[in-house]
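These notes concern the structure reproduced below.
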Amino acid sequence: MASRKGSHQSRGNGDKYSVLLPTYNERENLPLIVWLLVKYFGESGYNYEIIVIDDGSPDGTLEVAEQLQRIYGEDKILLRPRAKKLGLGTAYIHGIKHATGNYVFIMDADLSHHPKFIPEFIEKQREGGYDLVSGTRYRGDGGVYGWDLRRKLIRLYKKEVLESLVERCVSKGYVFQMEMIVRARQGNYTIGEVPISFVDRVYGESKLGGNEIVSFLKGLLTLFATT
């Protein structure tokens, strides 16, 4: 299999970033989100792994994930499936057990967040030594909306902080993410914020640029031609 390395040497003083991607019926989105993650981690030069936690998707998401693992390598794409849908909170707990990074990203596979913001999260965390960094929603004029309880947010945690928080959380589903933030504040953990834009899937339109989609498709063709 051809090697897929970023354009920069690995940087980060030994830091490694584990991305937890819980999935359920995401066979169409998963190749694109993984490609974008590989692209932005590769360009920024940080060491990473992507952990796909599929909850028995009936649409064949796991089979797609297996193909992606063959393309990008078992060191970059880890598959940790579960037999049935058991909820987001337990998916994170399951994923953390298998994470080898000292930092953990949690994000959604449905493309509601753009992986291009990942280097900004890493830079923000390093800047302030934060225990966790969360995305805040911004308007077109650059103003920040602040916390949105209905939103699934991309977040970066120190691994030990995430482990501590998930052990104490009792909520199910996406409320779990908000409970983690509330508990982080109660526990006096330091929180950094990065303003990011969200793709609103309610309207069924992707905010990914046309050029990005074209280069994704070209990249896919290249991958399948060389593997």
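The values are calculated or read from the model by the stated rules, or taken from the named source; none is laboratory data. Note that this is a predicted model, so its numbers are computed, not measured. Cβ sites come from the backbone with ideal geometry, for glycine too, and all protein chains shown count toward neighbours. Quick note on the areas: whole protein, heavy atoms, side chains included, nothing else; ligands and nucleic acids left out. Shrake-Rupley method; radii C 1.70, N 1.55, O 1.52, S 1.80 Å.
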Given the condition more than 24 Å from residue 196 (Cβ to Cβ), surrounded by 18 or more Cβ atoms within 10 Å (Cβ to Cβ) and not aromatic (Phe, Trp, Tyr), answer yes or no: does some residue in segment 94-104 qualify? yes
Pairs only if they're at least six apart or on different chains, beta carbon under 6 angstrom, first in segment 106-121 and more than 15 Å from residue 40 (Cα to Cα), second open to solvent by less than 10 Å² (accessible area, probe 1.4 Å) and hydrophobic (A, V, I, L, M, F, W, C); list them, first residue then second. 106/20; 109/21; 109/30; 109/33
Pair list, Cβ under 8 Å, 6 or more apart: segment 26-51 residue on the phi > 0 side of the Ramachandran plot, other residue open to solvent by 30 Å² or more (accessible area, probe 1.4 Å) and not hydroxyl-bearing (Ser, Thr, Tyr): 45/6; 45/8; 45/9; 45/11
Of all residues making up segment 122-132, the number that are closer than 14 Å to residue 46 by Cβ and not polar (S, T, N, Q): 4
Taking segment 38-77 only, how many residues are assigned to a strand (DSSP E or B) and either open to solvent by 20 Å² or more (accessible area, probe 1.4 Å) or among the aromatic types (Phe, Trp, Tyr) (or both)? 3
Evaluation of residue 22 against (1) open to solvent by less than 10 Å² (accessible area, probe 1.4 Å); (2) of a type outside the set (Gly, Ala, Ser); (3) at pLDDT below 95 (one fails), failing number: (1)
Return yes when residue 122 is at pLDDT 90 or above, over 28 Å from residue 64 (Cα atoms) and in contact with a Leu (Cβ under 9 Å, 6 or more places away or on another chain) and no when it is not. yes
Qualifying residue in segment 25-35 (condition: over 26 Å from residue 133 (Cβ atoms), of a type outside the set (D, E, K, R) and either open to solvent by 10 Å² or more (accessible area, probe 1.4 Å) or part of a helix (DSSP H, G or I) (or both)): yes
How many of the residues making up segment 87-110 are in a helix (DSSP H, G or I), closer than 11 Å to residue 159 by Cβ and in contact with a Phe, Trp or Tyr (Cβ under 7 Å, 6 or more places away or on another chain)? 0
